[in-house]
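The numbers here are math on the coordinates, done by the rules we state, and not lab data. Being a predicted model, the structure only gives us computed values, none of them experimental. Every residue, glycine as well, gets a Cβ built from its backbone with ideal geometry; the counts of neighbours run over all protein chains shown.
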Amino acid sequence: MINLRKRLIRRPKNLKQLADIELVDLAKTGDKDAFGELYERYLDKIYSYVYYRTGNHHDAEDLTARVFFRAMAHIDGYTERGVPFQAWLYRIAHNLVANWHRDRGRRKVIPLDEFIAASLKSDAPDKQAEDQEELKALRDAIRRLPEERQQLLLLKFVEHLSNAEIGAIMDRTEGAVKSLYHRTLIALRDELQNADSSQSSLESKKG
Amino acid sequence: MAQEPTELQDLLDAVTEAIINEDAGLDKIVTRYDVSRSDVEGLVSLVHRLHVALVGVRPSRRFAQRLRLELMGQERRGVINRVRYLPPRVQIAGAIVLVGGFMLLRHRRHSVEADAQEVPALR
């Protein structure tokens, strides 16, 4: 059967030119290079997503490897039907991360310290300290958001996905993603304002 | 509410896309929507801060190459590699079964040896 499928699907020379679904079809026939191309396309994205959700490189590597092993093992059962390959991969990653949090009983938070530090390297020291404080407040506010809102921010800002792509991953319509994003920004702004005002009242009490 | 929430949602969506793509001309985008400037300024600045704070990260080259080799089967896919990527619960259960089995075997062997030593004494 596999040999027959192999004969039916002619493999082009340059896999990079193929769409995901074509690579998936080739990978289903046992073409490891086709799966390798999918791996190259999505490794950084999946790793980045998992890293933000776990907060350390060790677990990010472990879970990223599991995502790709699981994808390879179940690729035969994958059919596009409204869920693009990318969304399917993210769903695997999301489920594995959720299990990881459940197994460890950890809070589902986005750790941002390293990224904030990295993004401030080029600034002057006094500005760095100021920005660092501001970004720490932002990080703390993101941590207080519900998990789905954290996920949305990651998919939008870290992964640079469109609303349609995010919708496919989160099983929502584009309109629902837009609306959730709006509510997330409002909630985040309110969180930051609340944190600011409680900080100010603390300082005035001290003064 | 002075304006339709969808108008604000569309504006935030367009502004976010422009900021992520580092396009200039945010003012032009804002004027396209019927939303008061004061309502969006705080949110636009927040989007800017999110864009600065949330940046992508890449895995180490060594990890990427090693995983590719493992996936492509060019590296020997031994028992250790297979076990390594199993869920922790399965790993723990497997370890318990292995240790338990080993202890049971050892206990049975010990009992048989003890019985064999006791037989001459009975005679």
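Taking the number of Cβ atoms within 10 Å of each Cβ as an exposure proxy, the fewest-first ranking of A:I142, A:I21, B:I29 is A:I21, B:I29, A:I142.
Here the residues B:S45, A:S162, ranked from fewest to most Cβ neighbours within 10 Å of their Cβ, fall in the order B:S45, A:S162.
Shielding value for B:55-66 is 6, the average number of Cβ atoms from other chains within 10 Å of each residue's Cβ.
Peptides A:150-156, B:93-99 ranked from most to least packed by the mean count of surrounding Cβ atoms within 10 Å: A:150-156, B:93-99. Ranked by how many other Cβ atoms sit within 10 Å of their own Cβ, fewest first, the residues A:K28, A:K136, B:K28 fall in the order B:K28, A:K136, A:K28.
Proximity of backbone amide H atoms, modeled 1.01 Å from N, is registered between A:E159 and no other residue at under 5 Å, excluding neighbours fewer than 5 places apart on the same chain. Pairs A:K32/A:K178; A:K16/A:K45; A:K28/A:K156; A:K16/B:K28; A:K136/B:K28: which exceed 27 Å Cα-Cα? Violating the 27 Å limit, Cα to Cα: A:K32/A:K178; A:K28/A:K156; A:K16/B:K28; A:K136/B:K28.
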